[in-house]
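Student: Please see the structure below; I have some questions.
Every number here is computed from the coordinates shown, using simple stated rules; none is lab data. Since the structure is predicted, the reported quantities are computational estimates derived from the model, not experimental observations. For neighbour counting, all protein chains shown are included, and Cβ atoms are generated from backbone atoms with ideal geometry for every residue, glycine included.
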Amino acid sequence: MSSTSNFQEAIREARSSAIVGPNVIRNALPFVGGGLLLTAVGSWGGLGVIATAPQLFMPTFIVAIIAELVLFFVAQGAARKGNNGLALPLLATYSLLSGYTLSGLIYVALNTVGIIGIIIAAGGCGITFMAASPIGSNLSERDGFALAKTVQLGIIALLVVLVLQLVFSLFGVFTPTFLEIAISGIGVVLFVGAAVVDFFVLPRTYRDDQYLSAALSMYLTYINLFIFILRLLIALNRSR
């Protein structure tokens, strides 16, 4: 959930800015798409490890998580400074690692909701993008910042809940299905809101030449939305 710090910083910067990058989202979109494709490649690689050498998956997963967190902050810093030559390969590697760490969830999904569930989750992200663009772009200053603040607080609360979930699971206490459905549903709503906020905030935060920073923000929004849609589908399947 490294999107939380990125989201907070973008909101803070946007508060004191008019539109400074009217074309930044358009410039960022090819890199968002490329990042998502690399994530799919990383997931495919992770599934291959799970299938052929499952004993190696958890150690490599932990290493990938640590490397992913480091790369996020380094790539974010390089992108903000306009050092796109350094930021681009870092973001590409980050996307691959994100896919690898996502492969465990994909594996569970394949064995519960199947490939159709994964297609539904990906399709949901696409529909959200198409709906969020006109809505976010046409929000008033008052409504845009109000929605941004609401989504920001919601994501922080969601992060706290997810950390508690992780802590309890380490002690063998797992989330009941009905609660998992609720958490996943809230996550879907929050990241749909974040997708709308992106179209309002990013042109007020980044110049047109800071497209990689904008791409990172949008990438994180849609990856997290995909994750929570998939979690929701898995939880609903298990509740039957």
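Student: Mind giving me the nanometre distance, one decimal, between the label points for ILE116 and ASN83, set 7 Å out from Cα along Cα→Cβ?
Tutor: Going by the 7 Å Cα→Cβ label model, 4.9 nm.
Student: Checking the a/c ratio against 1.5 first, then a/b against b/c, what shape does the Cα gyration tensor give for the range 164-240?
Tutor: Note, shape of the range 164-240 comes out prolate.
Student: Order of 186-192, 50-56 by packing, highest average Cβ count within 10 Å first?
Tutor: With the highest mean Cβ count within 10 Å placed first, the list reads 186-192, 50-56.
Student: Would you work out the Kirkwood radius for the range 59-112? I mean one over the mean of 1/r across all pairs of different Cα atoms, in Å.
Tutor: Computed over the range 59-112, the radius equals 11.9 Å.
Student: Here's another thing I want to ask about it. Could you work out the relative contact order of the range 47-134, using alpha carbon pairs under 8 angstrom and six or more residues apart, expressed as a whole percent?
Tutor: After rounding, I find 25 percent.
Student: Rank LEU233, PHE171, ILE118 by how far each Cα sits towards the positive end of the charge dipole of the range 118-240 (+1 on Lys, Arg Cβ; -1 on Asp, Glu Cβ) and give me just the farthest.
Tutor: Ranked along the dipole, the leading option is PHE171.
Student: Something else about it: Would you list the membrane-span-like helices of the chain, meaning whole DSSP H runs whose alpha-carbon atoms span at least 18 Å along their axis and whose mean Kyte-Doolittle value is at least 0.5?
Tutor: Helix filter hits for the chain: 24-52, 54-80, 84-110, 114-137, 141-170, 177-205, 211-238.
Student: For the chain, what does the equivalent ellipsoid look like in terms of its semi-axes, each the square root of 5 times an eigenvalue of the Cα gyration tensor, given largest first in whole Å?
Tutor: Working from the Cα gyration tensor, I get semi-axes of 29, 21, 16 Å.
Student: For the range 111-206, what is one quarter of the convex hull surface built on the Cα atoms, given in nm²?
Tutor: Reported value for the Cα convex hull: 7.7 nm².
Student: If only Cα atoms are counted, what is the Rg of the range 77-162, and what is its Dmax, in Å?
Tutor: Calculated on Cα positions, Rg and Dmax stand at 17.4, 45 Å.
Student: Full extension from THR150 to LEU164: what is 0.36 nm times the residue separation minus their Cα-Cα distance, to one decimal in nm?
Tutor: That pair, THR150 and LEU164, stretches by 2.9 nm at full extension.
Student: Please state the relative contact order of the range 81-240 as a whole percent: Cα pairs under 8 Å, 6+ residues apart?
Tutor: Dividing the mean separation by the residue count of the range 81-240 yields 37 percent.
Student: Report the full-extension gain for the segment ILE135 to ARG240: residue separation times 0.36 nm, less the Cα-Cα distance, to one decimal in nm.
Tutor: Contour length minus the Cα-Cα distance gives 34.3 nm.
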